[in-house]
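> Below are the structure tokens for one structure; questions will follow.
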Amino acid sequence: MTRIQTAIPGFDKMLRGGFLPGRNILLSGPAGSGKTTFAAQYLYNGVMLHNEPALYVTLEESPDKIYEDMAKFGFNLKRAEKRGLRIIGGPISSVTGYMDKVDAKVHDIIEEIKEIIKENGIKRVAIDSINLFTMLLEKDSDKRRALAALGNMLSSSGCTSLLLSETREGTMRLSRYGIEEFVVDGVVVLYLARQGSQFVPGIAIRKMRGTEHDKEIKLYRITEKGVVVYPEETLFTNI
């Protein structure tokens, strides 16, 4: 079966080779766990190693801030742009030009992403974060419908996507609202487990439809070259 390799050291082994194509994956974890780095690395590797055009949608940081932060890991996003990487967005508070109705704003965001995917032949997508995306809606039922619409659009467009979600530290929750994990094909969770005076990072694949996968919490590190997973090192914790 064809796999979409993340090329994140050690992680594809946990996936038995990589993501299944066209799937939507929730990437969740507390602040500081490396979600943005993981997502940017996934897109960067796709563009530079596999010639797969990629789209990063940021609703929190400015694109310039992402360029700066990722350069510290050796990810030259400007160079990647010439190979097919697109980065759009900025703080959601600055998003303008949408209709007054909240539902229309969500619909317009989805349609704008769809057009960019179509025009640029995008194969990999990361949305950072869906917490901010769903903040445009008040009811849980509306949030779930919006996430389902977003996921359906991404899959039907042939994209393999990461949807980032921030969770509260010290919990086993898979998402912020408890609904996100039900509208995706897979869930990857980044943990920060407290051991004595330190926080030890762990990664687990909590759900992945259609494929076998590692089910233990494994150790990972954020190194000078980005995220590195150690699939042979199990993290024992009482998170």
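The values are calculated or read from the model by the stated rules, or taken from the named source; none is laboratory data. Only a predicted model underlies this, so the values are computations on that prediction, with no experimental measurement involved. When we count neighbours, we look across all protein chains shown, and the Cβ atoms used for this are built from the backbone with ideal geometry, even at glycine.
> Out of region 64-78, which residues are touching a residue at least 24 places away in the same chain (Cβ under 8 Å) and either surrounded by 12 or more Cβ atoms within 10 Å (Cβ to Cβ) or touching a Ser or Thr at 6+ places or on another chain (Cβ under 7 Å) (or both)?
Listed by number, the residues that qualify are I66, D69, M70, F73, F75, L77.
> Can you spot a residue in region 180-199 that is of a type in the set (D, E, K, R), crowded, with 21+ Cβ neighbours inside 10 Å and modelled with pLDDT under 95?
Looking through region 180-199, at least one residue is of a type in the set (D, E, K, R), crowded, with 21+ Cβ neighbours inside 10 Å and modelled with pLDDT under 95.
> If A126 meets every condition in (1) part of a loop (DSSP other than H, G, I, E, B); (2) in contact with a helix residue (DSSP H, G or I) (Cβ under 7 Å, 6 or more places away or on another chain) apart from one, which number is that one?
Tallying (1) part of a loop (DSSP other than H, G, I, E, B); (2) in contact with a helix residue (DSSP H, G or I) (Cβ under 7 Å, 6 or more places away or on another chain), A126 fails exactly one: (1).
> Applying the selection to region 214-239, what residues are closer than 16 Å to A7 by Cα and surrounded by 14 or more Cβ atoms within 10 Å (Cβ to Cβ)?
Passing the criteria: Y220, R221, I222, G226, V227, V228, V229, Y230, P231.
> If we scan region 115-126, do we find a residue that is modelled with pLDDT under 90 and surrounded by 15 or more Cβ atoms within 10 Å (Cβ to Cβ)?
Taking every residue of region 115-126 in turn, none turns out to be modelled with pLDDT under 90 and surrounded by 15 or more Cβ atoms within 10 Å (Cβ to Cβ).
> Follow-up. Report yes if P53 is of a type outside the set (S, T, N, Q) and out of contact with any helix residue (DSSP H, G or I) (no Cβ under 8 Å at 6 or more places or on another chain), otherwise no.
no
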